[in-house]
Amino acid sequence: MSSSTRPLFSRFPGNVIAKPPCRMTNANMYGFFVKGDTPTIQAYLNKTLNSVPDATGNYECLSPYVLLTFTDIQNIASLAPGFAEQGSMQETDIIIWLPVAKMVKGKVDHVYWYPAFICVNNIYALINGINTWGYNKYLCDYTMPDIGGDPDNFSITVDAFQPFTPETKMADHLLMEVKKVSNGSGNKVTEFVELVKEAFTLLSSEKSFFNMDSHALKQLLDGFKNPQMDQVLFKQFPDGEGVNAVYQGVMHSPSIIKKVHSAQIYGHEYDVTLHQVDTFRLDKAFGIPLGTQRALLPFNVLMDFDQEAAFALAETN
């Protein structure tokens, strides 16, 4: 069924699904690159994005490194008439991003960032993110610095089963933590493009960081000049038995950066620790090893951006 023949979404009192796009202001993002495993990430892509038939091509992993971000959004609200007047909220997103390429006839057609795992701090963000865009979201508790605070400690705690046994009761479990282990000088920049150029200069010293040709790398860099971050998402809903999907789609939604208030790459060193929580085996999903590893390229950006509506690149229903 095409989108033009589908019934209109029924809005009724108590329905909390807002309409995009959304404006995010004072989004304070901290980022850390963490090493995973290319074959494991590719298996994840095959189970998600590549599970939706697409005659034009498929999605491939571009790097064994994933980007872990902690973003405190001070204010978020819909920009759509009828919804913009309802109010605004604070939202925190903790995301694992995968750099992926849409491959067409064996060549890179487009480079995307895939927010494959997301933890948020409020139910409104959870419901809207899953239902409208297709974000893979879960609720969490977290620690992270305020704007201007010392970026020394970050953590994610989730309600989960650990370990999987018939006797296990759901409880709070620490999933990931990031700790500063040494201080260094920062490199402040004034524009987002400067941050990206500086980042790729530093990352180029890590030989295994990107698995892409010069054309793909240029496209990835050009995508930040607008600047915007092209997201690709896997959206699906199960039937009443939890066996079959009543809908599956690969969605595209750009994040359009409106203003960068400040940005810097830290000289600090950080350790990232992944704990085993059976409900969320990020080691099995992305190949991030359990235990502790040193993060690459820690950075901070304070910005405003718009999250656009999501449109299907491929879908089944």
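The values are calculated or read from the model by the stated rules, or taken from the named source; none is laboratory data. Nothing here was measured: the structure is a model prediction, and the numbers come from that model. Cβ coordinates were reconstructed from backbone atoms using ideal geometry, including for glycine residues, and neighbour counts include every protein chain displayed.
What pairs come out if I take residues in the stretch 233-255 that are without any contact (Cβ under 8 Å) to a residue 40 or more places away in the chain and pair them with residues that are among the aliphatic types (A, V, I, L, M) and surrounded by fewer than 17 Cβ atoms within 10 Å (Cβ to Cβ) whose C-beta lies under 8 Å away, six or more apart or interchain? What qualifies is F237/A245; F237/V246; P238/A245; P238/V246; D239/A245; D239/V246. Looking across the stretch 255-274, the residues that are under 27 Å from V178 (Cβ atoms) and either out of contact with any strand residue (DSSP E or B) (no Cβ under 6 Å at 6 or more places or on another chain) or not hydrophobic (A, V, I, L, M, F, W, C) (or both) come down to S255, K259, H261, S262, Q264, Y266, G267, H268, E269, Y270, D271, T273.
Tallying residues that are without any contact (Cβ under 8 Å) to a residue 40 or more places away in the chain and over 24 Å from the mean Cα position of the chain (by Cα) within the stretch 140-167 yields 3. Between V100, V34, V16, V108, the distinction of being surrounded by 19 or more Cβ atoms within 10 Å (Cβ to Cβ) and more than 18 Å from the chain's Cα centre (by Cα) belongs to V108 only. Among the residues making up the stretch 158-189, those that are touching a helix residue (DSSP H, G or I) at 6+ places or on another chain (Cβ under 8 Å) and modelled with pLDDT of 95 or more are L175, M176.
Do the conditions hold for S205, that is, is it at pLDDT below 95 and closer than 30 Å to A314 by Cα? The answer is no for S205. Restricting attention to the stretch 170-183, does a residue exist that is surrounded by fewer than 12 Cβ atoms within 10 Å (Cβ to Cβ), hydroxyl-bearing (S, T, Y) and part of a strand (DSSP E or B)? Taking every residue of the stretch 170-183 in turn, at least one turns out to be surrounded by fewer than 12 Cβ atoms within 10 Å (Cβ to Cβ), hydroxyl-bearing (S, T, Y) and part of a strand (DSSP E or B). The condition (being of a type in the set (D, E), over 21 Å from V100 (Cβ atoms) and modelled with pLDDT of 95 or more) is satisfied by just one residue among D271, D283: D271. Filter the stretch 255-272 down to residues that are in contact with a Gly (Cβ under 9 Å, 6 or more places away or on another chain) and in a strand (DSSP E or B) and give me whichever is surrounded by the most Cβ atoms within 10 Å (Cβ to Cβ). This residue is I265.
A single member of E60, E85 is more than 16 Å from the chain's Cα centre (by Cα), farther than 24 Å from P115 by Cα and among the acidic types (D, E), and it is E85. Checked against the criterion of being modelled with pLDDT of 95 or more, surrounded by fewer than 21 Cβ atoms within 10 Å (Cβ to Cβ), within 22 Å of K107 (Cβ to Cβ) and in contact with a Gly (Cβ under 9 Å, 6 or more places away or on another chain), the stretch 39-47 contains one or more residues that satisfy it. The number of residues in the stretch 276-296 being touching a residue at least 24 places away in the same chain (Cβ under 8 Å), surrounded by fewer than 19 Cβ atoms within 10 Å (Cβ to Cβ) and more than 20 Å from C61 (Cα to Cα) comes to 5.
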